[in-house]
Amino acid sequence: MTSSRSLRIAISLALGLAAAPVFADDAALKAEVDALRAALAEQKAQMETQARLLEAQQQKLDELTQKLGQNKVATPDAPKVALNNSRPVITAADGRSSFAVRGVAQLDSARYGESAEGPLATDFRRGSIGGGRENNAARDFSDGMFFRRARMGFEGTFNRDFNYRLLLELGGSGTEGPARINDAWIGYTGLAPFTFQLGAFSPPSNMDDGTSPEDQVFIERASSSELSRALGGADGRLGLGVRASGNRYMSSLTFTSRTVNDAEAFENQFAAVGRFGGLVATSDDYNVHFGASASYVFSPADQGSSAAGARHSIRFRDRPEIRVDSVRLIDTGAIEAAHASVYGVEFGANWKNLYFQGENFWFDVDRRDSALDDPSFGGYYLQGSWLLTGERRRYNAATGSFQNPRPKANFDRQGGWGAFELAARFSHTDLNFNEGDAGLAPITGAVRGGEQDVLALGVNWYLNPNIKVLFNYLMIDVDRLNPAGPGNATPFGAGVATPPIGAEIGQDLDVYALRTQFSF
């Protein structure tokens, strides 16, 4: 309002000056000039006052904005939810905690091609020492289907430095039974490169054992590697371990006790399981791995003074590399032992789409009776594969093993067919010690566990990273003499259940097996 009034006065004065005659009185002219100067001075003062007011208001606004920022309550970012290879994973916004769901299902089926069953008195084929079902099953295997594995659980990280896993096993057959703990452990990773692990888990026992069940080339592991892992490791083994790994190596040492599914004992087994391995050469086209493994049983499980038979026993036995029927064709029986051990060497390599792997194992048992010789056994396997569609098996330095290939084109309606693999394996397992000659009784302290050779041929189809189908054809040859002898006259039961002294109780058979697997 005041500015407008001053402007009007200035305009009026200007018009008045313009209209005034040149002869106007000097005093009147001076009065008009003074009035104009006063109006301009007033306007300038008002503008300065407004500028100071604006500056004060801006300062007040800055103070209020700062105060608002200090008092604002930070809203945490939402956790991240993702599918990692179809596995649901929830990760905290700060990345320090995570939760993931895991699952795997393996549906196995098999058809056994054994010779026709004869009477128990004349058909001497036998399974595990102890008789029972395996006397008949070794002469007439059960064709069929079963869930070899059906595992479900979760894993993740606490506060960045702690990880965990809880995995339940709902599959299996025979003595393995359903509904048991496969993994239940917690680990600490805060002292890199070391990881400390406590609970129930599968301690790294050898290279075949280091390959997860989802990544196996064949339906089952080779018998020699299975016997090695079973001595002090295997699924659900209670223990305390430490691992260290880098870009090209892995190492582990675990002190173990019983497995969660073992029957209660007077005193549990105590053992140490160790493994070391890594890449000795690598490039874009190839990887070459060497390593070694060992397990040592300091004290076998003590069954107590009331136990029938061996009180501190070690026993080696296994199925013929397929488990649809649970019969075991090689078996040392219970050996009274003070200690037991297994040592192994391992080799693995891939070159483009070709893959090779092999291991050799030496088993030793220290008897409690020093008057008898200490038995020793052995075994090995060699396996390889060729990926017809050009993919490669991937090397995992943390486990020192090779993983499934990733199909270049998943199987789908647009014309993708997935990846195809041809595989072959030969395995040899010898559980004999001073077995002697056929037709004769064994000498005292001998072990007639049997000798098993298995040639396996496989065709694998990887439809996508989560689904695969494996077909195996197994040619099995078991040579085994009746272990009946001094102190063990009827190992398979009374009467005709136990064949004649020194009789051949092994056999040859073929097996056609199929596995359908999905995992995430």
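No lab work stands behind these numbers, since they all come straight from the coordinates. The shown structure was predicted, so the numbers you read here are calculated from the model rather than taken from an experiment. Every residue, glycine as well, gets a Cβ built from its backbone with ideal geometry; the counts of neighbours run over all protein chains shown.
Summary table
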item: Relative contact order (%) - criterion: Cα under 8 Å, at least six apart; region: the chain; result: 13 percent
item: Part-to-part distance (alpha-carbon centres) for the range 89-131 and the range 390-447, which is given in Å; result: 15 Å
item: Within-11-Å neighbourhood charge of Gly344 [Cβ basis; K, R +1; D, E -1]; result: -2
item: Neighbour net charge for Asp477 - beta-carbon separation under 11 angstrom, K R +1, D E -1; result: -4
item: Qualifying lysines (Cα of each under 18 Å from Cα of Lys468; at least 8 residues distant if same chain); result: Lys408
item: 12 Å Cα-Cα reach of Lys80 towards aspartates and glutamates, excluding residues that sit fewer than 8 places from it in its own chain; result: Asp94
item: Long-range HN-HN contacts of Arg149 with modeled amide H, under 5 Å; result: Gln106, Gly172
item: Positive minus negative residues near Leu354 (Lys, Arg vs Asp, Glu; Cβ under 15 Å); result: +1
item: Cross-link reach list, lysines versus Lys30, counting only Cα pairs under 30 Å and skipping chain neighbours closer than eight places; result: Lys44
item: Nearest 10 degrees, 0 to 90: helix 223-232 Cα axis against the chain principal axis; result: 70 degrees
